[in-house]
Every structure is written in structure tokens, then in C-alpha cells.
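> There's a structure below that I have some questions on.
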Amino acid sequence: MKRLLAVACLSLAVAGLFARLSAAAFTGSTAIPSNAVTVDALHNYFSVVPAGAVQPGTSTSVASGNVDNLSLDFGTVPSARTFTSVVRITNVSSATRTATLALSNVSQVSSVVFASNGSGSATLGPGASTTVTVTTSSTVAGRGSGSLRLSLSGVSWLYRDYSFHIDEAPEAPTAPTVAQKPAGRLDLSWTASTTVTNLAGYDLYRSSGGAYTKLNATPLTGTTYSDTATIDGTAYTYKLTSVSSGSPLLTSVDSTTVTATADATAPGAPTTVALANGGGNGNVYVNAGNAAGLSISITLPAGSLTTDSVKLTVSNGGNSVITTRAGTSGPGTITVTGLNVAALGDGTLTLSANSTDLAGNVSATTTTTVTKDTVAPGAPTANYTDNNNAADQIAGTAEANASITVTETSPASATYPTTANGSGAYSVLVATVNGSHNTPVSVTYTVTARDAAGNTSGTTTVTSNDTR
């Protein structure tokens, strides 16, 4: 009997166990509220709605969906910028909550923050809200596809990941600068884009009054370009864009423009170049008196400009002295003064002048030659001859063809010029002094020689007594 009771009790216990397991496994199909299971979700704490930000150049919202299925697509962004009011996040719970944001795998975006505090975490009271601000990168271009996670702080598993897409174009380079060069060439340069990642290079466009034409077949990787396909006198306007590498090809906004005119025409050559303070016979020599302070005049033709640079070169064939001056407006003459050519050896000097315009076009060169002689002749010899009751005589030798100056200093004052012959001999009649043996008259003369270049010798002094 005891054994039968034990078996009966065991059977009842097993039957009860199966009954409890069956109820727990199929709670969803029972009508017992106390056995219902509730799964927590982010929408129990926050709502998320688009807040007005649109894709650049369109009216298409960057955000669509809600807290459970939000999607973010910023389209093509032609330059780095900040998108405000991307979405609005509101605390829909009855307690203060903290929301956090985390962006993954989108290097084209530099920051995603809450507008309320500028950080990736915002604490909101019941019913409070804030918008989200997205700032794109000025250093990374290309396509970015990743996710933005919105989380309830403190609960690691309570979050939503939202798809995030952007095509960020590189930053435009700064406005190009352009310089005129010879033969109509125009040289451009620009400052590199701030984009350093996914930058293929630059496209350069040119217009001469009509549509722009791209000058390069493949992106330019440097920051300079020489445009040689120009027409003299034509004004050209240039602009640049930056282009990304990879796919899709993304192009920046245009740089500002710059304009320059091609110049392939050289200025007219100077008409003349000549000594302005030459010495010696004919005032055409460089001598000891002017070699350290030479003046040279350059005559310029019609068409000359004050922006032209006039180059003067004085050369002895081995060494040169070079200087430049501004041109004249139209025909005119400029004079270079104080030019020191003392270091150039004696002999033939060549004076050369040409003009260069702003573009670097150089005129033909006008030249002339002059003689440099800075060596003075030796002091002449001099002898006094007392002629009886007639003009006395000074005679001697000096450098061939030298100009001789005989000066009476006593008993009177007078000057008697003459010229030495090709052999250097000279003779000149001077004052008539009627002295006697009993009453001689002392006479004094100085004699100098000057060569053709204008250099003057030392002085020879002759003193004698006139007795006849």
C-alpha cells in the first residue's frame, strides 16, 4: 500500500511540472497578463525627427525617418561647412536622460555634436530637446559611408545605429596669381588646397571672354602652371578647382579668378647712348677726372613706358658696370649720373642700353664705344730763350700731340697755349721783357701738357733772367 501511494504522489508531481513548463514557454499565446514579457527600446526615452538641414544646393532634407529607422544622407558637399539642425532629439521619458553620439567610418566629417553644448553628450530633462550639428572636414575628401550611433548613456545595449552617407569635395585652392613673362607666356601659381586626403590635384580653366576651357588633360599635382598657348595682347581670365581621387570624382567650388594680358611685344630699342660728361678733345673721353662719376644719357623712342626697365652696361670686354633706371612715358631722355667705372681698365669701353617691359620682353640693344684714358702725360721739358728786344720763347718736348699751356707768373701774368707736334716738340713765343745786363729782369713760366683724353701732366717751372 505504501509503495502505491508513493508512485501516485510522484506521478502527480511530474504532471504539475509539465504543466508549469508549458505555461512559461507559451506566454505569448496565453491571456495571463502577469506572464507577459516587455522588451526595452530607445524610443521609450528619445524621439528623433529631421530638423531642417538640407543637402547643399537642394531642398532635400539630409535626414529621414525617426528614432527607430533614421537615415542621414548629406549628398555632395562642395566645400567644408557646418550643417545645423540636422535632427532634433527630445527626451520623451519622465526622468532626466543623457544621450550620446558616436560617428564611425566617416573621416570626411570632423565633428558631430549636440547644439546645446557643442559636445557628443547631452543631458536632457523630461520633454527637453536639442538639435544635432555636423561639421564636414576641410582636410579629407571623397565618399564616406558609415554609421551614427545614438545611445542612452549608462546602458551599453540601448542604442540605435543610423546609416550616414556623404560625398565631400576637396577644398578649392586660393585664388591664383599670374605673372606676365616674355613671348606672351603667363605663369600662374596658387596655394595648395587644405585637403590632404583623397586629393588628386587641380583643374585649371581659362577664358578670353567666352566660355571657360580646361587647360590640363589630367589633374595638376603641383601648384604652378605656365600658359604658353596665348595670343599677344589678349586678356585671359583663369580659375581653378580641386578634384578628388577615387570614385566618385568630386570637384570643389571654383577659386576666385585672376586676369592678365599676354605680352609678346618687346619695347623699342633706345635711340642713342652717349657720354653726358665726357672729357678731353670733343668731350668724348673717359679720363681721370670723370671715371669715378660718369654721366651717360640714353634717349628712348616713342612707345616707351615708365614701367619699362632701362639697362645700361659699361664694359671693357672683361668686366662690366651695370645699372638700371625706369623708362620714360613716350620719347624722352634719361641720364645716369655718378657711375663709377674707375675699376675698368683703360682702353675701349662699350656703352650698351636696352629696355625690358614688365613681361620680360627685351628690346634690341643700342651701343657705342668710347675711349678710357686715365694716365696723365709726363711733365714736359721747357727751355727759356731771351730774344733781344722781341718776344721771348719757351720750347721743349712733351707727349706727342699734347696741348701745351705755358703760363707766365712773373714779372706779369699771361697764358700762352700751343700744341706739341707728332714728335712731341713744341715752341711758343711768350712775353717781350726788355731787361739788360746791368738790370736783368727775372721771369718765371710754368708749363703743363694735357693729352687728348683731358688728363693733365705735372707742372714744369722755368725761371730765368731776361738781359736783352
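The values are calculated or read from the model by the stated rules, or taken from the named source; none is laboratory data. Bear in mind that the values here come from a model prediction, so they are computed numbers and not experimental data. Note that we place each Cβ from the backbone using ideal geometry, even for glycine, and neighbour counts take in every protein chain shown.
> Can you tell me which residue in the range 177-200 is farthest from the chain's Cα centre (by Cα), limited to those that are farther than 23 Å from ALA359 by Cβ and crowded, with 18+ Cβ neighbours inside 10 Å? Steps first, please.
Initially, the range 177-200 is screened for residues farther than 23 Å from ALA359 by Cβ, giving 191-200.
Next, from what is left, pick out any that are crowded, with 18+ Cβ neighbours inside 10 Å: 193, 195, 198-200.
Numbers: SER193: 16, THR195: 21, ASN198: 27, LEU199: 23, ALA200: 24 Å.
Looking at the filtered set, the residue picked out is ASN198.
> Limited to the range 338-368, what total is found for residues that are assigned to a strand (DSSP E or B) and either farther than 13 Å from LEU275 by Cα or not assigned by TED's automatic domain parsing to the domain that holds ASN277 (or both)? Spell out the reasoning first.
Restricting attention to the range 338-368, the residues satisfying the condition of being assigned to a strand (DSSP E or B) are 338-339, 347-356, 362, 366-368.
Now drop any that are not either farther than 13 Å from LEU275 by Cα or not assigned by TED's automatic domain parsing to the domain that holds ASN277 (or both), which leaves 347-348, 354-356, 362, 366.
So the answer is 7.
> Quick one: how many residues across the range 70-112 are assigned to a loop (DSSP other than H, G, I, E, B), more than 22 Å from GLY57 (Cα to Cα) and hydroxyl-bearing (Ser, Thr, Tyr)?
Residues that pass the stated criteria total 4.
> Is it the case, given these coordinates, that SER137 is small (Gly, Ala, Ser), touching a His at 6+ places or on another chain (Cβ under 8 Å) and assigned by TED's automatic domain parsing to the domain that holds GLN108?
Values: small (Gly, Ala, Ser): yes; touching a His at 6+ places or on another chain (Cβ under 8 Å): no; assigned by TED's automatic domain parsing to the domain that holds GLN108: yes.
When the stated conditions are applied, SER137 does not pass them.
> Could you please tell me which pairs satisfy a Cβ distance under 6 Å, a separation of 6+ or placement on different chains, a first residue in the range 291-312 that is loosely packed, with under 15 Cβ neighbours inside 10 Å, and a second residue that is part of a strand (DSSP E or B) and of a type outside the set (Ser, Thr, Tyr)?
Short answer, once both residue conditions are applied: GLY293/GLY338; THR306/ALA326.
> Which of the residues spanning the range 261-278 are crowded, with 22+ Cβ neighbours inside 10 Å and in contact with a Phe, Trp or Tyr (Cβ under 9 Å, 6 or more places away or on another chain)?
As a first pass, look at the range 261-278 and keep what is crowded, with 22+ Cβ neighbours inside 10 Å: 262-263, 267, 270, 273.
Scanning the range 261-278 gives a single hit, ALA262.
> If I ask for residues that are modelled with pLDDT of 95 or more, over 55 Å from the mean Cα position of the chain (by Cα) and among the β-branched types (Val, Ile, Thr), which ones from the range 32-76 would you list?
none
> Considering each residue of the range 147-181, count those that are in a loop (DSSP other than H, G, I, E, B) and hydrophobic (A, V, I, L, M, F, W, C), and give that number.
Restricting attention to the range 147-181, the residues satisfying the condition of being in a loop (DSSP other than H, G, I, E, B) are 153-158, 169-176, 181.
Next, only the ones that are hydrophobic (A, V, I, L, M, F, W, C) stay: 155, 157-158, 169, 172, 175.
So the answer is 6.
> Continuing with this model, one more query. Do you know which residues across the range 450-467 are among the acidic types (Asp, Glu) and either modelled with pLDDT of 95 or more or farther than 25 Å from ASN434 by Cβ (or both)? If you could, list the steps in order and put the result at the bottom.
Step one: list which residues in the range 450-467 are among the acidic types (Asp, Glu), which gives 451, 466.
Scanning the range 450-467 gives a single hit, ASP451.
> Considering only residues that are part of a strand (DSSP E or B) and of a type in the set (S, T, N, Q), look in the range 369-395 and name the one that is nearest to the chain's Cα centre (by Cα).
The initial filter retains those residues of the range 369-395 that are part of a strand (DSSP E or B), namely 369-372, 383-385, 393-395.
Next, from what is left, pick out any that are of a type in the set (S, T, N, Q): 369, 371, 383, 385, 393.
Details: THR369: 40, THR371: 44, ASN383: 74, THR385: 79, GLN393: 76 Å.
Across the range 369-395, the extreme among qualifying residues is THR369.
> Regarding VAL406, is this residue surrounded by 15 or more Cβ atoms within 10 Å (Cβ to Cβ), in a loop (DSSP other than H, G, I, E, B) and β-branched (Val, Ile, Thr)? Lay out the reasoning, then the answer.
Values: surrounded by 15 or more Cβ atoms within 10 Å (Cβ to Cβ): yes; in a loop (DSSP other than H, G, I, E, B): no; β-branched (Val, Ile, Thr): yes.
When the stated conditions are applied, VAL406 does not pass them.
> Right, next: Out of LEU349, LEU429, which single residue is surrounded by 16 or more Cβ atoms within 10 Å (Cβ to Cβ) and closer than 19 Å to VAL286 by Cβ?
Details: LEU429 fails: closer than 19 Å to VAL286 by Cβ.
Only one candidate qualifies: LEU349.
> With respect to ARG88, determine if the residue is of a type in the set (Lys, Arg) and closer than 21 Å to GLY146 by Cβ. Step through it out loud before you land on a result.
Numbers: of a type in the set (Lys, Arg): yes; closer than 21 Å to GLY146 by Cβ: no.
So ARG88 fails the test.
> Of the residues that sit in the range 113-146 and are assigned to a strand (DSSP E or B) and within 39 Å of the chain's Cα centre (by Cα), which one is surrounded by the most Cβ atoms within 10 Å (Cβ to Cβ)?
Of the range 113-146, the ones assigned to a strand (DSSP E or B) are 113-114, 121-124, 129-136, 140, 142-146.
With the extra rule that they be within 39 Å of the chain's Cα centre (by Cα), the set shrinks to 133-136, 140, 142-144.
Values: THR133: 19, VAL134: 28, THR135: 15, THR136: 23, VAL140: 21, GLY142: 23, ARG143: 17, GLY144: 22.
The extreme case among them is VAL134.
> Give the range 367-402 a look and list any residue that's without any contact (Cβ under 8 Å) to a residue 24 or more places away in the chain and closer than 30 Å to GLY435 by Cβ, or say none. It would help to see each step written out before you state the result.
Kept after step one, since they are without any contact (Cβ under 8 Å) to a residue 24 or more places away in the chain, are these residues of the range 367-402: 369, 385.
Correct list: THR385 only.
> Moving to a separate point now. Which members of the range 214-239 meet the condition of being in contact with a strand residue (DSSP E or B) (Cβ under 6 Å, 6 or more places away or on another chain) and surrounded by fewer than 17 Cβ atoms within 10 Å (Cβ to Cβ)?
Matches in the range 214-239: LYS214, LEU215, ASN216, THR221, THR224, SER226, ALA235, THR237.
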